[in-house]
Amino acid sequence: MDFYTLREEEELKKHSPLAMRLRPRSLAGFVGQAHLVGEGKPLRRLLENNVLSSLLFYGPPGTGKTTLAEIIAAETKAAFVRVNATSSSVSELRKEMDEARRRLTHEGRRTIVFIDEIHRFNKAQQDALLPAVEKGLIILIGATTENPYFTVNAPLLSRLVIFPFDPLTQDEIQVLLRRALESPKAGLQDVAVTEDALSHFAVMANGDARAALNALEMAAALAAPDTDGKKKINLALAEEAVQRRAVVYDRDGDNHYDVISAFIKSVRGSDPDAALYWLARMLEAGEEPLFIARRLVILAAEDIGNADPHGLLVAQAAAQAVQMLGMPEGRFPLAQATTYLATAPKSNAASQAIEEALELVRKRPGDRVPPHLRDAGYAGAKKLGHGKDYLYPHNYPGHFVVQNYLPQGMPRPHFYKPTENGYERSIRERLQRWNALRRAGSDDND
């Protein structure tokens, strides 16, 4: 590398965005993706054992995909070649393959070819990589924000190990922001940031570290030095830098619990518009979306129950979708689940039933399982009388037969009282028929 190239690189580093200047060079400085690079996790084990295979990093922007690719090259002492997915031709790719072959043959050094936004490669470009990847001539690390199963050719995809990246948490982003304020590379030693401003940067970044660091850099540029020569970034300046106001919402205080309470009560009260308002308040304030999803799952079972059994399926599907998509796209399944549950028929019969059942169990801890209901599936069980006189319901008309399913001597409880709402009306009618048969059977026994 000649003097002018070195000088050019130094100048580029000096004037590059904050996120690039602070990019860590080792795993020790890497923040986030603990499920991949934490102690004992798969990608970390591969690096520690110096075992490299071609990889695909899939996740939202600003989550460390490029940074981790560079760290892998540094840790393994491999050459790092970055290819532009939008402008590279097949002939240029083949030149890189030839150089990788020369490097491996004459220097014994492996080559990592990093392709950001690999989904932008056309079929011919992706196919051109196949022979080199298959032979191990290069270690390909692709990065994409798009679902690779839809955007990367199946032959190439089958040769890559896919690692999903998660959005950074607000705590992780705050770690990066505090590190930036302390790092000489950032040039922010004369900047002081209030806690609410830091929190605002972390919330508005939506899991994107690059966005948070860029916002901090913008705020520092906007800040005027105080009388002591220190630039102070408060919440108002942080809002100006990201061009979004902070929503009054303390994730750890009373307001947090008040808003989630209002949200749940609006869904329970069958008011989808009010529920959406409180949902929007939480999302805008940076509430953890999986926390909201978990609350919806609880509500579906507790307040809707068997009045609409699909409610729990919708809530569970929304929770899974949020986990897969992250934010901001996760707001769509959350909104769908919120409006579905708010407009569904309501019943708390199942949740009340389990509370009554638990109360009875605590009062009668010593009740034993009747012999005819005990496990009869092992050798010697029949000698103990297990399963004797058990009536198999499927052998009877309507797949129902009258028999006792409770401990001997226990008065028959009546926990579950289905309502007339939604599907529970059908359940109520079935139970009424079966209970009439039970009463008739009891009368016959008398």
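List of remarks:
- Hits in the stretch 52-67 (condition: touching a strand residue (DSSP E or B) at 6+ places or on another chain (Cβ under 7 Å), of a type outside the set (Phe, Trp, Tyr) and modelled with pLDDT of 85 or more): Ser53, Ser54, Leu55, Leu56, Gly59, Lys65, Thr66
- Taken together, Glu429, Glu359, Glu355 contain a single residue that is free of Cβ contacts under 8 Å to residues at least 40 places away in the same chain, exposed (fewer than 13 other Cβ atoms within 10 Å of the Cβ) and closer than 27 Å to Ala275 by Cβ, which is Glu355.
- Condition check for Lys232: in contact with a Ser or Thr (Cβ under 8 Å, 6 or more places away or on another chain), over 28 Å from Met327 (Cα atoms) and outside the structural domain of Arg44 (by TED's automatic domain parsing): yes
- Leu93 being of a type outside the set (Lys, Arg), touching a residue at least 24 places away in the same chain (Cβ under 8 Å) and over 30 Å from Gln170 (Cα atoms): yes
- Here Gly305 fulfils each of the conditions (1) buried (at least 18 other Cβ atoms within 10 Å of the Cβ); (2) closer than 24 Å to Asp196 by Cα apart from (2).
- Pairs linking a residue in the stretch 276-297 that is under 19 Å from Gln316 (Cα atoms) to a residue that is of a type in the set (Lys, Arg) and not in a helix (DSSP H, G or I), with Cβ atoms under 7 Å and 6 or more positions apart or on different chains, are Glu287/Arg251.
- Residue list for the stretch 394-426, filter: without any contact (Cβ under 8 Å) to a residue 60 or more places away in the chain and on the phi > 0 side of the Ramachandran plot: Gly398, His399, Gly409
- Residues of the stretch 372-392 satisfying the condition of being surrounded by 13 or more Cβ atoms within 10 Å (Cβ to Cβ) and not hydrophobic (A, V, I, L, M, F, W, C): His372, Arg374, His386, Gly387, Tyr390
- Thr86 meets the conditions (1) part of a loop (DSSP other than H, G, I, E, B); (2) closer than 30 Å to Asp228 by Cα; (3) free of Cβ contacts under 8 Å to residues at least 60 places away in the same chain in every case but one. The failed one is (2).
- Of all residues in the stretch 98-127, those satisfying the criterion of being of a type in the set (Gly, Ala, Ser) and surrounded by fewer than 21 Cβ atoms within 10 Å (Cβ to Cβ) are Gly108, Ala124.
- Positions within the stretch 223-259 being at pLDDT 80 or above, closer than 30 Å to Ala315 by Cα and surrounded by fewer than 18 Cβ atoms within 10 Å (Cβ to Cβ), in sequence order: Asp258
- Selection within the stretch 192-217 - crowded, with 20+ Cβ neighbours inside 10 Å and in contact with a Lys or Arg (Cβ under 6 Å, 6 or more places away or on another chain): Met204
- For the stretch 134-154, the set of residues classified as aliphatic (A, V, I, L, M) and surrounded by 22 or more Cβ atoms within 10 Å (Cβ to Cβ) consists of Ile138, Ile139, Leu140, Ile141, Ala143, Val152, listed by residue number.
The values are calculated or read from the model by the stated rules, or taken from the named source; none is laboratory data. What you see is a predicted model; the values in this text were computed from it and never measured. Neighbour counts are summed over all protein chains in view; Cβ atoms, including those assigned to glycine, are modelled from backbone coordinates with ideal geometry.
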